[in-house]
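Notes to accompany the following structure.
Computed from the coordinates by the stated procedures, all read-outs in this text should not be read as laboratory data. Keep in mind that this is a model prediction, so the values were computed, not measured. Cβ: placed from backbone, ideal geometry, glycine included. Neighbour counts: every protein chain shown.
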């Protein structure tokens with residue numbers, strides 16, 4: 001993986017189911033660290049392995065409370081539904097409304113190699129669902145209401161205007 005390099009839509013890795021991580025080792029720790037850097041540089045909320053060219057079930061996220069990672073995440077439950085706008089670092093400038101569960105419970109392995117169970121709501125729940133979709137070869141436009149898809153201006157810093 002080349003730090004800072006995000007795979008864009010059209011690359012076949014974004015359409016494949018990622019492989020389970022067999023062993024939490026230094027290679028996975030290094031991947032997570034590089035993904036943290038890429039996520040921060042791109043001003044994103046979440047980033048999955050396939051988005052950096054690595055077909056492993058790993059994603060990192062930061063919804064404003066510091067960065068974290070989940071390896072081999074599994075959704076235990078989800079409830080509620082709400083529509084919200086999403087974009088994707090692999091499809092720069094495009095956004096659309098996507099229905100997502102309002103509450104999810106996910107288990108996986110955190111950045112320290114420990115098994116964790118995370119109960120998430122709001123942006124974190126949306127982020128988890130978006131990134132887990134990437135691990136299954138699904139991108140947000142597959143779930144978005146096609147009538148809401150639109151290009152948004154990208155600022156000089158590379159951020160979509162109006163997003164935080």
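For the residues 132, 35, 75, what sequence is obtained by ranking on other C-beta atoms within 10 Å, fewest first?
75, 132, 35
Multiply the residue separation of residue 115 and residue 151 by 0.36 nm, subtract the distance between their alpha-carbon atoms, and state the gained length in nm to one decimal.
This chain segment gains 9.1 nm when fully extended.
Provide Rg over Rh for segment 27-108; use the alpha carbon set for both Rg and the Kirkwood Rh (inverse mean inverse pair distance). Show your work: numbers first, answer last.
Working: Rg = 13.4 Å, Rh = 13.8 Å.
Ratio of gyration radius to Kirkwood radius: 0.97.
Which three extents, in whole angstrom, do the alpha-carbon atoms of the chain cover along their principal axes, largest first?
Its Cα atoms span 42, 36, 30 Å along the three principal axes.
Sorted from fewest to most neighbouring beta carbons within 10 Å, what does the list 135, 149, 70 look like?
149, 135, 70
Using the Cα gyration tensor of segment 43-83, with a ≥ b ≥ c the square roots of its eigenvalues, what is the shape: rounded (a/c below 1.5), prolate (a/b larger than b/c) or oblate (neither)?
Oblate shape, in that a/c is at least 1.5 and b/c is the bigger or equal ratio.
Give me the percent of DSSP beta bridges within segment 12-151 that run antiparallel, rounded to the nearest 5.
Working: 29 of 30 bridges.
Within segment 12-151, antiparallel bridges account for around 95 percent of the total.
Would you mind ranking 15, 100 by Cβ crowding within 10 Å, fewest neighbours first?
The order, fewest Cβ neighbours first, is 15, 100.
Once you place label points 7 Å from the Cα toward the Cβ at residue 142 and residue 22, how far apart are they in nm?
Taking the two extended label points, one gets 2.6 nm.
Can you compute the helix-only [θ] at 222 nm over the chain? Use -39500 (n - 2.57) per DSSP H run of at least 4 residues, normalise by all residues, nearest 500 deg cm²/dmol. It would help to have the intermediate numbers written out before the result.
On the way: 2 runs with 31 residues, N = 164.
That comes out to -6000 deg cm²/dmol.
How high is the relative contact order of segment 12-151, given as a whole-number percent (alpha carbon pairs under 8 Å, six or more residues apart)?
Once normalised by length, the contact order is 26 percent.
Classify segment 6-49 from the C-alpha gyration tensor, please: rounded if a/c falls under 1.5, else prolate or oblate depending on whether a/b exceeds b/c. Walk me through the numbers before you get to the answer.
Details: a/c = 2.62, a/b = 1.09, b/c = 2.41.
Oblate is the answer for segment 6-49, as a/c is 1.5 or above yet b/c matches or exceeds a/b.
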